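None of the figures in this text is laboratory data; all of them are computed from the coordinates on show. This is a predicted model, so every value here is computed, not measured. Note that we place each Cβ from the backbone using ideal geometry, even for glycine, and neighbour counts take in every protein chain shown.
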Amino acid sequence: MSDISDPPQTPSKPLRPVSELLVALQFLTRLPIPFVRTVDPVPLAQSMRLFALAGALIGAVNGVVLTALSYLQLPDVMAAALAIGFGLFLTGAIHEDGLADTADGLLGGKTRERRLEIMRDSRIGTYGASALILAILCKASAYHTLGEVKPWQAILMLAATGAFSRAMVVDMMWATRSARSDGLASMAGRPSRAAALFSIVTGGALTVWAGWFINPISGVEAMAVALLITALMRRAATRLVGGQTGDICGAVQVLTEIGMLATFFASIH
């Protein structure tokens, strides 16, 4: 019989992807993720290669909740609002917080130093509040429109947008230098090129597959929109604050997800 003084067993390589996924979920959600003794947590930067898969799970869960609320015969707007509220609770609104701080900083500051200072401030300003309201209204409209497609299509669409939008976060952290040396993005570590490519390919494959059931080219169009939004955010972040921050990465996730949903729905009509 072993006791607590025994050294932990070295996890087997087959469990490494499991560990990476658990670390990704622990960072991207507020779920209490239990680690068994045989699963050794890996560095966050390494687990980022599975951010797309974690995002797909988050999106799929949101889709299931939205579908369940619709089956309860709730008004479409109420079902959309409650599903969005569940998603905010699930993730701790980590990305929306980044969007608000990014809007306040990039739009409210006059110098690089002042913009970074505003983004670090936990208080929300006019730009941040406006950005949050607009983002939630856009999501509510998209969730409401999901009632026009079959439930499994809605779940698949939300899984795809959840996956590729978080792959864009990994791409942002890999391809854009950090604006700070002590921020969340810097402390999380920079993902490798292989991790970024794996995340993009994983999220992209799911997006193409999901789009195929809606409109054969809608998935490709949705990815193109997400890549364009990411490129514009990268350019703005580099010019205004010298690189990316955790807040800017959160803003990228929210904006690319909304852009992808809008593209999917445009292909339906």
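Once you divide the Cα radius of gyration of the stretch 132-222 by 2.2 N^0.38 Å, the number left is 1.29. Only Cα pairs under 8 Å and 6+ residues apart enter the sum, and on that basis the relative contact order of the chain stands at 24 percent. About the centre of its Cα atoms, the chain shows a dipole size close to 660 debye [charges on the beta carbon of Lys, Arg (+1) and Asp, Glu (-1) only; nearest 20 debye].
Counting neighbouring Cβ atoms within 10 Å and putting the fewest first, the residues Asp171, Asp247 line up as Asp171, Asp247.
Note on Ser122/Trp212: beta-carbon distance plugged into 1/(1 + (r/R0)^6) with R0 of 41 Å gives a FRET efficiency of 0.45. Extension gain for the segment Leu137 to Arg112, taken as residue separation times 0.36 nm less the Cα-Cα distance, is 6.0 nm to one decimal.
With Cα atoms as the point set, the radius of gyration and Dmax of the chain evaluate to 18.9, 65 Å.
Using 0.36 nm per residue and subtracting the Cα-Cα separation, the extra length available between Tyr71 and Phe27 on full extension is 12.7 nm. Treating r as the C-beta distance of Arg16 and Ala262 and R0 as 51 Å, the FRET efficiency rounds to 0.90. For the chain, hydrophobic long helices are taken as DSSP H runs at least 24 Å long by C-alpha position along their axis with mean Kyte-Doolittle hydropathy of 0.0 or more; these are 51-71, 126-145, 151-175, 193-212, 218-241, 246-268. Counting beta carbons within 10 Å around each of Tyr127, Tyr71 and listing the fewest first gives the order Tyr71, Tyr127. When Leu106, Leu137, Leu82, Leu66 are sorted by how many other C-beta atoms sit within 10 angstrom of their C-beta, beginning with the fewest, the order is Leu137, Leu82, Leu106, Leu66. Positive end of the charge dipole of the chain (Lys, Arg +1 and Asp, Glu -1 on Cβ, about the Cα centre): tell me which of Leu137, Ser70, Ser181 has its Cα farthest that way. Sorting the options by dipole projection puts first Ser181. Using 1/(1 + (r/R0)^6) with R0 = 25 angstrom and r between the beta carbons of Ala236 and Ser181, what's the FRET efficiency to the nearest 0.05? Result of the calculation: an efficiency of 0.75. Label point of Ala205 set 7 angstrom out along Cα-Cβ; within the stretch 135-169, amide nitrogens under 20 Å from it belong to 156-169.
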